[in-house]
1. Can you name the residue in the range 187-200 that is out of contact with any Pro (no Cβ under 7 Å at 6 or more places or on another chain) and among the small types (Gly, Ala, Ser) and is also least open to solvent (accessible area, probe 1.4 Å) among such residues?
2. With Ala28, Ala37 as the choices, which residue is more than 14 Å from Arg232 (Cβ to Cβ) and in contact (Cβ under 8 Å) with a residue 40 or more places away in the chain?
3. Just give me the residues in the range 201-238 being within 14 Å of the ligand (Cβ to nearest atom) and surrounded by fewer than 17 Cβ atoms within 10 Å (Cβ to Cβ), in sequence order.
4. Run Ala37 past the list (1) touching a Phe, Trp or Tyr at 6+ places or on another chain (Cβ under 7 Å); (2) in a helix (DSSP H, G or I); (3) of a type in the set (A, V, I, L, M, F, W, C) and report the number of the one that doesn't hold.
5. Kindly evaluate Leu202 against the criterion of being of a type outside the set (Ser, Thr, Tyr) and modelled with pLDDT under 95.
6. State the number of residues belonging to the range 138-174 that are of a type in the set (Asp, Glu) and outside any loop (DSSP other than H, G, I, E, B).
7. When both residues are 6+ apart or on different chains and their Cβ atoms are under 7 Å apart, which pairs have a first residue that lies in the range 162-181 and is at positive phi, and a second that is charged (D, E, K, R) and modelled with pLDDT of 95 or more?
Amino acid sequence: MTDLQDLRVRRDELAANLAKVEERITAACAAAGRKRADVTLIVVTKTYPASDVRILSDLGVRHVAENRDQDAAPKAAQSTDLPLTWHFVGQLQTNKVRSVVSYADLVQSVDRAKLVTALSKEAVRAERELGCLIQVALDAEENGRGERGGVGVGGVEELAARVAEAPGLRLDGLMTVAPLTGAYAGRQQAAFERLMDLSTHLRVAHPAANMVSAGMSSDLEQAVAAGATHVRVGTAVLGVRPRLG
Ligand SMILES: *Cc1c(COP(=O)(O)O)cnc(C)c1O
């Protein structure tokens, strides 16, 4: 096959997958009595090439997410002409912050004070306003930290206040990944409902921080049912990832 034929085949595949995900979101919204427009699809393009990002953009996707700076930075650099909002959703080391801030519009994985300080410093330096979501670890101790990142429930308020006060940063809301262990293991909807409760509480002090990012390929219905405003879908759009990511 020529490259052009490859691209057409891939485009058809991604279009078909997107249509199925769109149907799932629409059905979940209907079941929950919510408007489709109240849920934003973020396609997680990690491990997939910039050519896929370009196809997705052409198919109408407006939000993409990545979880590793090494993969994301070159992909974003090849996509600067596309009308995309870039979300960073991975565990973030402070030495990668400068790079991430250069292309990310939002960081969904803010989970410690040191990271807030670093993000603020680089956002100010880059003269950018960076949207931030506090990543909540529902499998962590109340005042602990999650194994896959995230802050325990007890640390959310203080971290949110730090973000809200930090120059260059905008507090946009909360994010979680359904826990594999602990009290919420296998209970995605209960986990997402807990995140919603935390969001309701957060919005008393920070009314504009109304993003609730929850739900992936396997549990987007439960997230929509619980009230998520953003779902992060990788596998169901792009296919099973060739390697862990
Ligand atoms: C990979 C990833 C997703 C998407 O997961 P799928 O199961 O492929 O849909 C969502 N959120 C985060 C934080 C991820 O790392």
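1. Checked the range 187-200; the qualifying residue least open to solvent (accessible area, probe 1.4 Å) is Ser199.
2. On the way: Ala37 fails: in contact (Cβ under 8 Å) with a residue 40 or more places away in the chain.
Going through Ala28, Ala37 in turn, the sole match is Ala28.
3. Selection gives Ser218, Thr235.
4. (1)
5. When the stated conditions are applied, Leu202 does not pass them.
6. Pass one, the range 138-174, residues of a type in the set (Asp, Glu): 139, 141-142, 147, 157-158, 165, 172.
From what's left, outside any loop (DSSP other than H, G, I, E, B): 157-158, 165, 172.
Total satisfying the criteria: 4.
7. Within 7 Å, the pairs are Gly168/Arg128; Gly168/Glu129.
Results for (1) of a type in the set (Gly, Ala, Ser); (2) open to solvent by 30 Å² or more (accessible area, probe 1.4 Å), shown as yes or no for each residue.
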site	(1), (2)
Ala27	yes, yes
Thr40	no, yes
Val61	no, no
Ala65	yes, no
Pro74	no, yes
Thr80	no, yes
Pro83	no, yes
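The values are calculated or read from the model by the stated rules, or taken from the named source; none is laboratory data. Note that the structure is predicted; figures quoted are calculated from it, not measured. So basically every Cβ, Gly included, is an ideal-geometry build from the backbone, and we count neighbours across all protein chains shown. Quick note on the areas: whole protein, heavy atoms, side chains included, nothing else; ligands and nucleic acids left out. Shrake-Rupley method; radii C 1.70, N 1.55, O 1.52, S 1.80 Å.
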